[in-house]
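Please read the structure below before turning to the comments.
The values are calculated or read from the model by the stated rules, or taken from the named source; none is laboratory data. Since the structure is predicted, the reported quantities are computational estimates derived from the model, not experimental observations. FYI the Cβ positions are ideal-geometry reconstructions off the backbone, even for glycines, and counts take in every protein chain you see.
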Amino acid sequence: QVDENHFDYMDLFDLQMVSNPEISPDGNTIIYERHQFDVMTDRRLVNLWQISFDGKDHYPITSGTKNYGNVSWSPQGDKFAFTSNQDGSNQLYVYWVKSKTTAALTNFTESPGNISWSPDGSQLLFSKFVSELSKAVKPGIPAPPTGAQWEKEADVIDKAVYRRDGGGYVQDGYSHLFIISAEGGTARQLTSGSHQYGSPSWAPDGKHILYTVNKSKNAELDPNNEQIFQQNIITGEVEQLSKERGPFNSPKISPDGKYIAYTGFKDRFVGYQLTQLYLMDRDNKQVEVLSNNFTQDISSITWSKDSKSIYFRFDEEGNSKVGNIDLKGNSTTVAENLGSASIGRPYGGGSYSVSDKGNLAFSHVTTSTPSELAVLGRKSNSQPKLLTSLNENLLKSKKTGNVEEFWVDSSVDGFKVQGWIITPPNFDPSKKYPMILEIHGGPYTNYGSRFSPELQFIASRGYVVVYTNPRGSTSYGEDFAAYINHNYPSEDYNDLMDATEYVVDQGYVDENNLFITGGSGGGVLTAWSIGKTDRFKAAVVAKPVINWYSFVLTADGSPFFSKYWFKDKPWESPEDYLKYSPISLVGNVKTPTMLLTGQEDYRTPMSETEQYYSALKLQGIDAVMVRIAGSGHGIAGKPSNLFRKVGYITNWFNKYKD
Ligand SMILES: CSCC[C@H](NC=O)C(=O)N[C@@H](CC(C)C)C(=O)N[C@@H](Cc1ccccc1)C(=O)O
């Protein structure tokens with residue numbers, strides 16, 4: 001069915017993608033992660049490669065079927081730390097540049113992460129899970145006779161968040177901070193108590209560290225209240241630096257030691273607020289919002305070596321970028337088209353790293369190329385240069401669908417809605433094609449000008465694929481995203497229909513063969529749409545929320561969703577929960593509908609899918625439920641499950657296509 005020259009499933013195993021480049025302090029060398037997928041084990045493999053800034057010297061640091069990541073250069077650039085499972089479980093390693101040798105620093109039972117070098121390069125600060133004895137009640141039943149085969153002990157749960165999507169059932173314990181010498185030895189635990197510590201970083205004096213922790217009495221029921229703390233690692237003295245209600249994150253001290261930059265917002269307890277950049281004067285503890293004139297969310301902050309500006313990551317109109325802001329709040333865009341090593345849908349992502357002199361390395365995508373390594377010199381007129389072309393041969397031999405951007409005026413108000421159309425390989429505009437509207441989740445995130453194997457596989461099957469950023473999406477400023485706070489779904493539905501109308505008007509879409517799908521928040525909007533219109537011939541509702549009342553009581557983020565996405569608890573305002581639930585519209589549905597969800601999805605649990613499936617069946621609607629084995633919320637995590645997702649969706653639509 002798919003032309004052999006078109007990009008298809010098995011080509012995924014030939015793709016190689018760049019991620020998390022880390023540039024050395026002198027700017028001469030970049031270590032980057034190279035991601036690919038192993039056809040035999042159905043999983044992602046990650047190795048480390050080294051390349052010079054001029055692209056001339058390029059060689060592997062590691063190879064094989066183990067995973068490597070979290071690269072962090074020492075400030076002197078003579079060594080770098082990384083984590084790997086090369087010897088079994090995930091441990092912390094150091095690679096010495098001069099001798100080209102590696103040593104494992106740790107032999108823990110739990111994985112270390114969040115690595116940060118001391119300013120003199122002698123110690124590493126990191127986080128690690130520390131288990132705690134369960135306080136849950138035990139029943140005290142008799143011991144089984146020797147040799148008897150009794151059932152195993154019951155699981156007893158006493159936490160509000162007792163399972164996490166992708167992580168399984170939560171163990172008793174907390175993430176704590178440790179230091180260890182770069183030459184190995186015993187690690188020293190710096191933090192204690194029943195709190196989750198994160199975002200560790202060093203002060204230039206080497207005596208203080210910064211971190212975030214939510215020290216609310218019952219942090220589980222009070223999510224989003226991370227505050228910035230400073231700790232003297234010699235005396236143990238701790239000081240809380242941020243004072244207002246958080247969340248505040250990623251504190252970084254300027255190299256001259258005068259300021260602390262961090263991200264966050266003063267919480268208004270709604271689904272979306274703009275994440276801003278804060279600047280604290282370390283002497284008088286005065287705080288200002290540095291990004292007051294900046295309209296997008298700020299993340300991944302890095303001080304420039306001269307302490308005069310801060311680099312950051314942001315998304316703008318579906319494009320992930322690097323910005324730079326000076327201490328007066330003047331910002332510029334430094335690099336564009338950052339992208340991740342995802343094989344799923346075109347969500348944002350990507351990372352950058354900046355050297356002491358201001359040379360930049362970043363992971364770069366376009367709508368037609370997976371993530372490659374790009375660099376940018378420090379001079380203001382420098383142009384980005386691609387250092388890798390890992391997929392050139394593959395993409396020369398396999399045709400992908402062309403991706404075109406469009407904008408449409410909202411039929412509701414003054415908003416403009418951005419979207420993209422993928423036309424199948426060998427597209428002929430004089431013909432008529434079936435069309436699939438593919439809707440993103442989040443809902444506070446964005447699709448964009450990014451290569452998406454998942455959507456390309458669908459286009460290779462002869463469909464025009466349309467994806468958009470309806471209101472609620474990020475990267476268009478706070479008003480656009482916050483429109484759906486306590487109001488989701490609502491006019492985002494109209495935005496989706498406006499985009500559909502726009503594409504139909506282009507003339508190459510068969511109006512009798514329109515299909516609709518989306519996952520998670522996109523599943524919400526798909527189920528919502530078929531409750532409002534019969535214009536789609538068939539639908540696939542993937543991993544949806546169908547009933548907000550049951551969702552907020554079964555999802556892994558129960559305290560968060562019930563507090564931030566609704567004004568009251570479900571039993572306080574059941575009518576509010578029902579009003580925004582697709583189940584409230586199921587009585588209108590006539591569209592044949594497939595449901596498709598991971599068996600171990602703890603974000604949008606299978607019970608949501610089951611409710612909708614039964615409601616459709618009870619009405620005699622053609623419905624089918626696909627339960628993906630070995631999958632949580634991220635179905636595209638394993639290549640075979642991504643293929644299944646695309647295969648089930650397109651086969652369902654093929655069944656109803658004229
Ligand atoms: C602070 S938690 C916010 C919810 C989270 N947002 C991330 O984008 C999320 O999981 N959203 C779900 C819907 C919600 C449970 C009703 C969602 O739509 N997920 C999307 C986006 C996503 C992409 C990658 C990883 C996580 C989420 C999806 O699965 O496509």
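Annotations for the structure displayed:
- Ser63 vs. criteria out of contact with any Pro (no Cβ under 8 Å at 6 or more places or on another chain) and under 26 Å from Leu376 (Cβ atoms): no
- Unique residue being of a type outside the set (Ser, Thr, Tyr), out of contact with any Phe, Trp or Tyr (no Cβ under 8 Å at 6 or more places or on another chain) and in contact (Cβ under 8 Å) with a residue 24 or more places away in the chain when the list is Lys543, Lys537: Lys543
- Residues that are in contact with a Pro (Cβ under 7 Å, 6 or more places away or on another chain) and either at pLDDT below 95 or away from the ligand (no atom under 11 Å from the Cβ) (or both), drawn from the range 434-452: Gly448, Arg450, Phe451, Ser452
- Condition met for Gly620 (of a type outside the set (Asp, Glu) and away from the ligand (no atom under 12 Å from the Cβ)): yes
- Residue within the range 609-616 that is closer than 30 Å to Arg44 by Cβ and within 16 Å of the ligand (Cβ to nearest atom) present: yes
- Considering (1) farther than 19 Å from Thr275 by Cβ; (2) within 16 Å of the ligand (Cβ to nearest atom); (3) outside any loop (DSSP other than H, G, I, E, B), the lone condition that Ser320 does not fulfil carries the number (1).
- Top-ranked residue of the range 41-90 - restricted to ones that are part of a loop (DSSP other than H, G, I, E, B) and charged (D, E, K, R), ranked as nearest to the chain's Cα centre (by Cα): Asp42
Per-residue answers, yes or no, for (1) within 15 Å of the ligand (Cβ to nearest atom); (2) surrounded by 21 or more Cβ atoms within 10 Å (Cβ to Cβ); (3) at pLDDT below 95; (4) among the aromatic types (Phe, Trp, Tyr):
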residue: Ala527; (1), (2), (3), (4): yes, yes, no, no
residue: Thr533; (1), (2), (3), (4): no, no, no, no
residue: Asn547; (1), (2), (3), (4): yes, yes, no, no
residue: Phe551; (1), (2), (3), (4): yes, yes, no, yes
residue: Ala555; (1), (2), (3), (4): yes, yes, no, no
residue: Pro559; (1), (2), (3), (4): yes, no, no, no
residue: Glu575; (1), (2), (3), (4): no, no, no, no
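- Single residue of the range 449-465 satisfying the filter (crowded, with 24+ Cβ neighbours inside 10 Å and in contact with an Asp or Glu (Cβ under 7 Å, 6 or more places away or on another chain)) that is nearest to Asp505 (Cα to Cα): Val465
- Within the range 398-419, if we keep just the residues that are closer than 16 Å to Phe457 by Cβ and not charged (D, E, K, R), the residue that is nearest to the ligand (Cβ to nearest atom) turns out to be Val403.
- On inspection, Thr526 passes the criterion of being outside any loop (DSSP other than H, G, I, E, B), in contact (Cβ under 8 Å) with a residue 60 or more places away in the chain and either closer than 28 Å to Thr650 by Cα or of a type in the set (Phe, Trp, Tyr) (or both).
- Condition check for Asn114: within 29 Å of the chain's Cα centre (by Cα), at positive phi and either surrounded by 16 or more Cβ atoms within 10 Å (Cβ to Cβ) or within 16 Å of the ligand (Cβ to nearest atom) (or both): yes
- Selection of the range 580-608 for residues being charged (D, E, K, R) and away from the ligand (no atom under 16 Å from the Cβ) yields only Lys590.
- When we screen Ser72, Ser99 for residues that are among the hydroxyl-bearing types (Ser, Thr, Tyr) and more than 27 Å from Ser201 (Cα to Cα), the only hit is Ser99.
- Checking each residue in the range 335-365 for being within 13 Å of the ligand (Cβ to nearest atom) and of a type in the set (Phe, Trp, Tyr) picks out only Tyr347.
- On the stretch given as the range 213-236, residues that are in a loop (DSSP other than H, G, I, E, B) and either under 23 Å from the mean Cα position of the chain (by Cα) or closer than 19 Å to Lys563 by Cβ (or both) total 10.
- In the range 554-599, the residues that are free of Cβ contacts under 8 Å to residues at least 60 places away in the same chain and farther than 21 Å from Trp528 by Cα: Asp568, Lys569, Trp571, Glu572, Gln599
- Count of the range 255-274 residues which are part of a loop (DSSP other than H, G, I, E, B), crowded, with 19+ Cβ neighbours inside 10 Å and either touching an Asp or Glu at 6+ places or on another chain (Cβ under 9 Å) or charged (D, E, K, R) (or both): 2
- When residues of the range 325-348 are limited to those that are without any contact (Cβ under 8 Å) to a residue 60 or more places away in the chain and in a loop (DSSP other than H, G, I, E, B), the one surrounded by the fewest Cβ atoms within 10 Å (Cβ to Cβ): Lys328
Yes/no matrix, rows are residues, columns are (1) among the basic types (Lys, Arg); (2) under 26 Å from Ser192 (Cα atoms); (3) modelled with pLDDT under 95:
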site	(1), (2), (3)
Thr83	no, yes, no
Thr106	no, yes, no
Asn114	no, yes, no
Leu125	no, yes, no
Thr146	no, no, no
Asp158	no, yes, yes
Tyr174	no, yes, no
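- Selection status of Gly523, modelled with pLDDT under 95, touching a strand residue (DSSP E or B) at 6+ places or on another chain (Cβ under 9 Å) and within 12 Å of the ligand (Cβ to nearest atom): no
- Any hit, the range 284-296, residues being on the phi < 0 side of the Ramachandran plot, within 28 Å of the chain's Cα centre (by Cα), in a strand (DSSP E or B) and in contact (Cβ under 8 Å) with a residue 24 or more places away in the chain: no
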